[in-house]
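What follows is a short report on a single structure.
Rule-based calculations on the coordinates, nothing more; no lab input. Note that this is a predicted model, so its numbers are computed, not measured. All Cβ positions, even for glycine, are placed from backbone atoms using ideal geometry, and neighbour counts span all protein chains on display.
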Amino acid sequence: MRVIALIQARMASRRLPGKVMKKLHGKPMLLRVVERVRQIPRVHETVVVTSYEPQDQVIQHYCERNGIAVFTGSECDVLERYYRAAQAYHAQAVLRITADCPFVDPRITGRLVRAFLASNWDHAGIQTGVGAAHVIGPKYPYGLDSEIMRFSCLETAWREAQDNRDREHVTPFIWRQPQRFSIGTLAPAQDYAYLHLSVDTMQDYRLAKLIYQKLCHQNNTFLLDDVVAFLNVHAGLLKINQPLSVNIEREHLGHTIG
């Protein structure tokens, strides 16, 4: 099955404009995500999907200058953008990742892809914090989000979804209908729901910069286990972007499975 990874990126952000081009240890966050996604086994091609709006031309031009496949489409109808990109790159399965997740773990997402390809699922996702608020059980950190779906499943959503939220967020039309689509999830052995690794605010960016400064020079492919080990030693850093979170000073972080 031909798996195409589509990385969603745009410059507009209410809380942190231009965040996908902000630097993490000398490289734009977008490039950090691309580098990580390219390490996921069984992914045939990695494509950045941005909009054709003027403010997003910086993303398009950066990708073109740096040998990164890029596709432009509708800014608001992201489902349309994903469908057209998947169609253009002859995807049989689409791996969806967003460019504000610079800690996406190639090993964990690789497990998701492997499990999906070995199953009859229509859609499967990594069970993450906020994104799986309705799910009972342990979750990966918010910011390790990724999901994979059959092209035929994406096409069905593209044809039938009418709600603007479904068009904007791409997959709710699918995972809200488990009676219609076969849905799989990948969950950890221990709970990380309190750990926020997505870059949504300046505080998130400050934390991401500190982690990259510490870990990137040691191993450019550092994984969630490495982040957890670092934060075990420097637990107070989580107060940067989680002032109301659990008291990390008194709670030891666990380890990922596999």
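Things to note:
- Point-to-point label distance, GLN177-GLN57, nm (Cα→Cβ direction, 7 Å offset): 3.9
- Label-to-label distance, GLU168 versus GLN39, with points set 7 angstrom from Cα along the beta-carbon direction: 3.4 nm.
- With 0.36 nm allotted per residue and the present C-alpha distance subtracted, the GLN242-LEU210 stretch has 10.0 nm of extension available.
- For the chain, the mean residue ellipticity at 222 nm estimated from helices alone is -9500 deg cm²/dmol, where every DSSP H run of n ≥ 4 contributes -39500 (n - 2.57) and the total is divided by all residues, rounded to the nearest 500.
- C-alpha center-to-center spacing [the stretch 1-69, the stretch 185-212] in angstrom: 19
- Packing-based order for 149-158, 109-118, using average beta carbon neighbours within 10 Å, highest first: 149-158, 109-118
- Efficiency of FRET from Cβ geometry, ASN120 and ASP225, R₀ 30 Å, rounded to 0.05: 0.45
- Spin-label model, HIS90/TYR194: points 7 Å from Cα along the beta carbon direction are separated by 5.0 nm.
- DSSP-defined antiparallel bridges as percent of all bridges, the chain, nearest 5: 30
- Pairs of Lys residues in the chain that lie 8 or more places apart, or on two chains, and have C-alpha atoms under 14 angstrom apart add up to 5.
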